[in-house]
Ligand SMILES: O=C(O)CCC(=O)C(=O)O
């Protein structure tokens, strides 16, 4: 077992996130990067806009990441042994593309309750200050859900540019990761990330999120995969796992899952953004 140790669990409890956790080899990460480049070349529209979500339904490479035992051991240390994959997102920042992520709490808009869930951010490339790694407001997960202003900034990678204002920068920390390293963050932690100022891509594959089987979707519908343990609650529709890249039925599933996700993200929104 690669469970988190006592210090790592304390870090998560005190700060709202834990990192870095070594989970994949450089060879495994290279394979994932190649898969992204292959999909982008052969199906140029597949990973843009809403399509950046739930790529694990159409690619066995991404599916296997979600079911990786090292990642699941770490996740189990936080949410217990009955684990579902509740969705994934690719956060890609191309060099000089100006994309950023405003300060936000995932719990504000994702709709998973109770908060027995955790978001796993896997670095496919380096993630550092220069290329716009995440920055976390330490301890903010212990506070309440904060007001978020929908800004719809065109460079914001969040759906409606939802933003927590007046974050004290001196209480934040960078979440620096090397390729193959993971961070786990709490649903309530306030976090964000700046633009990529380097000359290389920054790629994060985010399991958003791993949820305990006791977690419901209170805004809309979500499809799930059993990652570990048993689902006695049966709140969600379980899906199959892909055995080949871009299988016709899997594409239909990905599109259906993304339509549902979009309804969740844009519930009560004044307009629809580009993701
Ligand atoms: O990739 C990023 O920069 C931000 C991702 C994020 O906000 C999240 O995973 O919750």
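The table below gives the values:
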{"read-out": "Leading residue by the ranking (nearest to residue 48 (Cα to Cα)) among those in region 120-158 that are modelled with pLDDT under 95 and within 11 Å of the ligand (Cβ to nearest atom)", "value": "157"}
{"read-out": "Answer from 147, 96 - the residue that is without any contact (Cβ under 8 Å) to a residue 24 or more places away in the chain and not in a helix (DSSP H, G or I)", "value": "147"}
{"read-out": "Residue tally, condition surrounded by fewer than 18 Cβ atoms within 10 Å (Cβ to Cβ), touching a strand residue (DSSP E or B) at 6+ places or on another chain (Cβ under 9 Å) and in contact (Cβ under 8 Å) with a residue 24 or more places away in the chain, over region 220-237", "value": "4"}
{"read-out": "Subset of region 190-202 (residues that are more than 9 Å from the ligand (Cβ to nearest atom) and either outside any loop (DSSP other than H, G, I, E, B) or touching a helix residue (DSSP H, G or I) at 6+ places or on another chain (Cβ under 8 Å) (or both))", "value": "190"}
{"read-out": "Lone qualifier among 97, 107 - being more than 9 Å from the ligand (Cβ to nearest atom), under 13 Å from the mean Cα position of the chain (by Cα) and surrounded by fewer than 24 Cβ atoms within 10 Å (Cβ to Cβ)", "value": "107"}
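Conditions (1) within 16 Å of the ligand (Cβ to nearest atom); (2) under 20 Å from the mean Cα position of the chain (by Cα); (3) assigned to a strand (DSSP E or B), marked per residue:
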position: 209; (1), (2), (3): yes, yes, yes
position: 224; (1), (2), (3): no, yes, yes
position: 231; (1), (2), (3): no, no, no
position: 243; (1), (2), (3): no, no, no
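The values are calculated or read from the model by the stated rules, or taken from the named source; none is laboratory data. Given the structure is predicted, the values throughout are model-derived calculations rather than measurements. Cβ coordinates were reconstructed from backbone atoms using ideal geometry, including for glycine residues, and neighbour counts include every protein chain displayed.
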